[in-house]
Amino acid sequence: MGNLYYVIVYTIWLKRATPLNIVIGGAAGSIPPLVGWAAITNTIGWPAVALAALIFLWTPPHFWALAMMVDLDYAKAKIPMLPSVRGVRRTTIEIVLYTIVMVAMSLALVPLHIMSVWYLAPAAILGAIFLDGAIRLFRDPTKRRARALFKFSLLYLALMCLAMVGDRLIP
């Protein structure tokens, strides 16, 4: 189901139809944790939903930073990415807003009892660094800042997954 959604709905249809293509693509990208959890447990558990939500909210800041770096390539390919359609200022505002919601959601996993306090410190530190990068990009919307945020976003997601695994391993 996730593959069909990604290939048909996102790639073939909506990627070239709307500047919100990345938000829609984030929904497709967040399906694998749900599938993996369901394959092992025959249910959809809250930890899988939490990871799917994190990936969904991470996707727009990650890809819009990339789109700011290669905006001319997307324009030549006639793919309506947010920076070329709505402008860099609007894109950086959206990046900051999505980052705030992403960080808040990642921290909410502790009071929701999906993660324990062992997860809280790495999530807070990584979230603060991500938000700082997003704000720096908003204040100075250069390709250099966009590249820095894009690169950190890759590290962020990997380290957040590692923090989640570590949280489960610590008694």
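Karplus-based coupling profile of the range 163-170, in residue order and whole Hz: 5, 5, 5, x, 4, 6, 7, 7, with θ = phi - 60° in 6.51 cos²θ - 1.76 cosθ + 1.60 and x standing for Gly or Pro.
Using only Cα atoms, find the angle between the long axis of helix 46-69 and the longest principal axis of the chain, and express it within 0 to 90 degrees, rounded to the nearest 10. Value to nearest ten degrees: 20. How are the Cα pair distances of the range 2-169 distributed, in percent, across 10 Å bins from 0? Taking every Cα pair in the range 2-169, the percentages come to 11, 37, 34, 16, 2. Could you tell me the relative contact order of the range 2-169? Use alpha-carbon pairs under 8 Å, at least six residues apart, and round to a whole percent. Averaging sequence separation for qualifying contacts and normalising by length gives 22 percent for the range 2-169.
Taking the helices alone, the chain has a mean residue ellipticity at 222 nm of -24500 deg cm²/dmol, built from -39,500 (n - 2.57) per DSSP H run of at least 4 residues and averaged over all its residues.
Exposed loop sites here are trypsin sites (Lys or Arg not before Pro) in DSSP loop states with at most 13 other C-beta atoms within 10 Å. What is the longest stretch of the chain lacking them? With trypsin sites (Lys or Arg not before Pro) excluded where exposed in loops, the chain gives 79-171 as its longest stretch. The alpha carbon gyration tensor of the range 41-126 gives principal lengths a ≥ b ≥ c with a/c of 1.5 or higher and a/b greater than b/c, which makes the shape prolate. About its Cα centre, the dipole of the chain is roughly 660 debye, where the only charges are +1 on Lys and Arg Cβ and -1 on Asp and Glu Cβ.
Since every read-out is calculated from the coordinates, none of them should be taken as a lab result. Everything numeric here is computed off the predicted structure, so don't read it as measured data. Cβ atoms come from the backbone with ideal geometry, glycine included; neighbour counts cover every protein chain shown.
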